[in-house]
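Any read-out appearing in this document is the output of simple, stated calculations on the displayed coordinates, not a laboratory observation. Every value quoted in this text rests on a predicted model; they were computed, and no experiment measured them. So basically every Cβ, Gly included, is an ideal-geometry build from the backbone, and we count neighbours across all protein chains shown.
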Amino acid sequence: MKGSGGHAAAMRSAAAVVLAVGFAGGNGSPASPSEMPSLTVDIHATDSGMRLGSVLVEDTADGARFTPSLSGLTAGEHGFHVHENPDCGMAGQNAGGHYDPANTGRHEGPDGNGHLGDLPRLAVDGGGGATVPVVARRVRVSDVVGRSLMVHAGGDNYSDMPARLGGGGARVACGVIPATAS
Ligand SMILES: [Cu+2]
Ligand SMILES: [Zn+2]
């Protein structure tokens with residue numbers, strides 16, 4: 001029976017919180033905190049501008065999950081990052097650098113402590129399609145809204161050595177991440 005009084009008190013204060021939130025919310029705002037935020041990013045080739053598909057970004061308990069539905073890429077692994085600016089122009093150069101809100105200046109991949117935008121490599125099958133989701137454990141959807149998503153020509157060794165930024169080279173496909181999630 002120990003603690004039952006505390007439980008009752010907790011129930012009362014929880015009820016008070018619900019009441020307070022109800023008043024604060026006023027009439028109308030359809031907040032549904034049980035649903036994880038998500039958004040969809042349309043991806044285009046940076047050279048031709050052709051639409052290659054999209055990437056669904058969702059929060060999960062393990063971090064942000066990026067689920068690609070892409071075609072028209074080259075087979076193999078590709079560097080895949082969140083870049084700073086919501087602009088894919090100039091062959092992707094307008095997107096700026098890897099998103100790095102903590103100003104680490106380091107490319108260390110998804111399990112490092114460098115750029116927050118360092119996502120796991122994107123796997124592309126022999127037919128040029130990408131459908132395998134990746135999860136970036138340090139990232140939340142709210143971190144990446146209003147940025148851009150980039151696919152590089154080459155892979156990513158999650159290091160600045162021997163080549164900077166994982167060595168992925170050219171920016172072949174890009175999409176602007178919407179400014180708000182739903
Ligand atoms: Cu990149
Ligand atoms: Zn990086």
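Normalising by the residue count of segment 38-176, find the relative contact order in percent from Cα pairs under 8 Å and 6+ residues apart.
Result for segment 38-176 is 30 percent.
If one computes the Cα centroid of segment 60-102 and of segment 128-182, what distance in Å separates the two points?
Value for the Cα centre distance between the two parts: 3 Å.
Compute the orientation-averaged projected area for segment 125-182 from the convex hull of its Cα atoms and round it to one decimal in nm².
If you wrap the Cα atoms of segment 125-182 in a convex hull and average its projections, you get 5.2 nm².
Using a 10 Å cut-off around each Cβ, can you sort Asp62, Asp156 from fewest to most neighbouring Cβ atoms?
Asp62, Asp156
Counting other C-beta atoms within 10 Å, which of Ser182, Ser71 has the fewest, and how do the rest follow?
Lowest count first: Ser182, Ser71.
Residues with beta-carbon under 11 Å from that of Gly167, excluding Gly167: net charge, scoring Lys, Arg +1 and Asp, Glu -1?
Local net charge: -1.
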